[in-house]
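**Q** Got a structure for you, questions after.
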Amino acid sequence: MAFQCNYNIINSLISTEELLRIDGQSQRIKGIIDTGKTAVVYKLEIGGQYFALKKCRERFENIFHHEVQIRSKIEEIKTQNPVLSQYIVDTIYACSEKGIILSQWVEGNEISHFNESIFERIFDALLEIDKAGLFDFDLHKSNILVDGSGFVKLIDLGGMYSYNPLTEYNNYGFTYPTYHFVERFETRFFLRSLLLEEYNGISRSSVLLKYRIEKEKALKCYNLKREWLSERGADSQVVKWIEGFLTQWSQALKSGTKLYELYARELFRSCIIDLPHSINGGHLDKAIIKINEILRILNEDYDCIFTKENICSDFCNANKREYLLEKYSKILDRIYMQQDRERYYD
Ligand SMILES: Nc1ncnc2c1ncn2[C@@H]1O[C@H](COP(=O)(O)OP(=O)(O)OP(=O)(O)O)[C@@H](O)[C@H]1O
Ligand SMILES: [Mg+2]
């Protein structure tokens, strides 16, 4: 599959064949980012402007093919909804057979600290993207930049899927109510950052202060989402689902104890969901931190995560505590064994 959107910008300056030939030796290269799992990214100069050329790594062709497809869909949506270009990088040319994607280069920085204004900008972006019928599973910090105008912009679109926000929870329809865009931001980015902060000695109270600010902004954002859903006659099951978060979060914001209970529940949920990413990505040190937190919450805060109507019902019930303790202790043992083996062979 191949498509081109804003190719006229560079049409007379470079052919797609030349793009394909570009490697680390090319005169046009101004930088190489080799940290991505699925691709190598080259910063290119063409006609005095910068572009990102993403070249697929071997064995990641399927993920890359999906990214090409969804980018084509996103560019189609942008023709009706140009405001999306503020929040999602523009694609210029993409071809899954050739294994290349050319985008605008986003001059920007990763988000390195959290405050009211950054949460507002993140949720403004995610709400617009959601309303456009797009769901991003991979809101990892390396996939989001803040550009020169202060807009939060998604640059890695390989984890995006289209869905209907009026009739579905996410791109799985009604099957997985756990996934929604605030949860995605928390699981892939925010709560894992808070967990690492605590691990590195930042006090629980200062972590909870950031969490409170995030929850206040998330609440404001989902109130807007609920309004938008109601105005458009969304499916009542979707409206009820969003109202469930509004109730939980507004209750939690009423007191420090309730806020901590929600923090423990959501952190537990996010650690469980995110653990396979750490293990499969070979980040065993991060996996150990997550498992220790899961075990700590099971031991100390089980009452917070096990209540009838809570968001952890997918993971917990009254009979599951012993089972979960055993399961995660075993995973932890296996990781320690793997680390020992790696040390031995190093
Ligand atoms: N359009 C762009 N503008 C600026 N920087 C970019 C752009 N596209 C990619 N990058 C840089 O290259 C890095 C890797 O790109 P990207 O996340 O798309 O690759 P990936 O292999 O899909 O990553 P992942 O490991 O998340 O699967 C980004 O984190 C970012 O630093
Ligand atoms: Mg990425």
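**Q** Over the range 2-104, what is the mean sequence separation of C-alpha contacts under 8 Å (at least six apart), divided by residue count, expressed as relative contact order in percent? Don't jump to the answer; show the numbers that get you there.
**A** Numbers: 140 pairs, mean separation 32.6, N = 103.
The value is 32 percent.
**Q** With only Lys, Arg, Asp and Glu charged, each at its Cβ (+1 for the first two, -1 for the last two), find how big the charge dipole of the range 108-345 is about the Cα centre; round to the nearest 20 debye. Walk me through the intermediate numbers first.
**A** Numbers: 32 positive and 36 negative charges, 65 e Å.
Rounded to the nearest 20 debye, it is 320 debye.
**Q** Using DSSP to call loops (not H, G, I, E or B), can you name the trypsin sites (Lys or Arg not before Pro) in the range 44-142 whose Cβ has at most 12 other Cβ atoms within 10 angstrom? Walk me through the intermediate numbers first.
**A** On the way: sites: K54, K55, R57, R59, R71, K73, K78, K98, R121, K131, K141; in loops: R57, R59, K98.
Here the sparse-neighbourhood loop sites are R59.
**Q** Related question: How tilted is helix 256-280 with respect to the longest principal axis of the chain? Cα atoms for both, answer in degrees (0 to 90, nearest 10).
**A** 50 degrees
**Q** Among residues other than S142 whose Cβ falls under 9 Å from its Cβ, what is the net charge (Lys/Arg +1, Asp/Glu -1)? List each step's numbers first, then the result.
**A** Working: positive: K141; negative: E110, D156.
Result for the neighbourhood of S142: -1.
**Q** Of K153/K215; K153/K254; K37/K220; K215/K254, which pairs sit farther than 23 Å apart, going by alpha carbon to alpha carbon?
**A** Details: K153/K215 21 Å; K153/K254 32 Å; K37/K220 34 Å; K215/K254 12 Å.
Those over the limit are K153/K254; K37/K220.
**Q** So which aspartates and glutamates pass the test for K30, namely a Cα distance under 12 Å, with those fewer than 8 places away in the same chain ruled out?
**A** Leaving aside aspartates and glutamates fewer than 8 places away in the same chain, those within reach of K30 are E45.
**Q** Here's a follow-up. Loop only per DSSP, at most 15 neighbouring Cβ atoms within 10 Å: give me the trypsin sites (Lys or Arg not before Pro) in the range 160-258, ordered by residue number.
**A** On the way: sites: R184, R188, R192, R204, K210, R212, K215, K217, K220, K225, R226, R232, K240, K254, K258; in loops: R232, K254.
Filter output for the range 160-258: R232, K254.
**Q** Just want the answer: with Cβ charges of +1 for Lys and Arg and -1 for Asp and Glu, which residue in F245, W228, Y211 is farthest toward the dipole's positive end in the range 204-246?
**A** Towards the positive end, the residue furthest out is Y211.
**Q** Taking 8 Å as the Cα distance limit and 6 or more residues as the minimum spacing, I'd like the relative contact order of the chain as a percentage.
**A** Working: 422 pairs, mean separation 39.3, N = 346.
Rounded, it is 11 percent for the chain.
**Q** Towards the positive end of the charge dipole of the chain, with charges on Cβ (+1 Lys, Arg; -1 Asp, Glu), say which of Q80, T35, N170 has the farthest Cα.
**A** N170
**Q** Please work out how much length the chain gains when fully extended from E300 to K330, using 0.36 nm per residue of separation minus the C-alpha to C-alpha distance, in nm with one decimal. Show your work: numbers first, answer last.
**A** Details: separation 30, 0.36 × 30 = 10.80 nm, distance 1.90 nm.
That pair, E300 and K330, stretches by 8.9 nm at full extension.
**Q** Going through the range 1-106, which GluC sites (Glu not before Pro) have at most 14 other Cβ atoms within 10 Å and a DSSP loop state?
**A** Details: sites: E17, E18, E45, E58, E61, E67, E75, E76, E97; in loops: E58, E97.
Within the range 1-106, the qualifying GluC sites (Glu not before Pro) (loop, at most 14 other Cβ atoms within 10 Å) are E58, E97.
**Q** If each of K141 and N8 carries a label point 7 Å out from its Cα toward its Cβ, how far apart are those two points in nm?
**A** Going from the K141 label point to the N8 one covers 4.1 nm.
**Q** What does the charge count around Y161 come to, taking other residues whose C-beta lies under 14 Å from its C-beta (Lys +1, Arg +1, Asp -1, Glu -1)? Intermediate values should be presented prior to the final figure.
**A** On the way: positive: R71, K73, R184; negative: E67, D130, D136, D138, D156, E168.
Overall, the nearby charge balance is -3.
**Q** Between D285 and H65, what length comes free when the chain is fully extended (0.36 nm per residue of separation minus the Cα-Cα distance, one decimal in nm)? Intermediate results must be reported in sequence, preceding the final value.
**A** Numbers: separation 220, 0.36 × 220 = 79.20 nm, distance 3.13 nm.
Here the answer is 76.1 nm.
**Q** Multiply the residue separation of S236 and S203 by 0.36 nm, subtract the distance between their alpha-carbon atoms, and state the gained length in nm to one decimal. Walk me through the numbers on the way to the answer.
**A** Working: separation 33, 0.36 × 33 = 11.88 nm, distance 4.12 nm.
Working it through step by step, the gained length comes to 7.8 nm.
**Q** Let me ask something else. Tilt of helix 320-345 relative to the longest C-alpha principal axis of the chain, in degrees (0 to 90, nearest 10)?
**A** Helix 320-345 sits at roughly 50 degrees to that axis.
**Q** Could you line up Y211, Y328, Y199, Y336 from fewest to most neighbouring Cβ atoms inside 10 Å? Let's see the in-between values first.
**A** Working: Y211 23, Y328 20, Y199 15, Y336 12.
Going from sparsest to densest Cβ surroundings: Y336, Y199, Y328, Y211.
**Q** Between the range 215-258 and the range 44-121, what is the separation of their alpha carbon centroids in Å?
**A** Cα centroid of the range 215-258 versus Cα centroid of the range 44-121: 30 Å apart.
**Q** Against the longest alpha carbon principal axis of the chain, how many degrees, from 0 to 90 and to the nearest 10, is the axis of helix 116-131 turned?
**A** 70 degrees
Where a number appears in this text, it was derived from the coordinates with a stated rule and is not lab data. Only a predicted model underlies this, so the values are computations on that prediction, with no experimental measurement involved. Methodologically, a virtual Cβ is constructed for each residue, glycine included, from the backbone with ideal geometry; neighbour enumeration extends over all protein chains shown.
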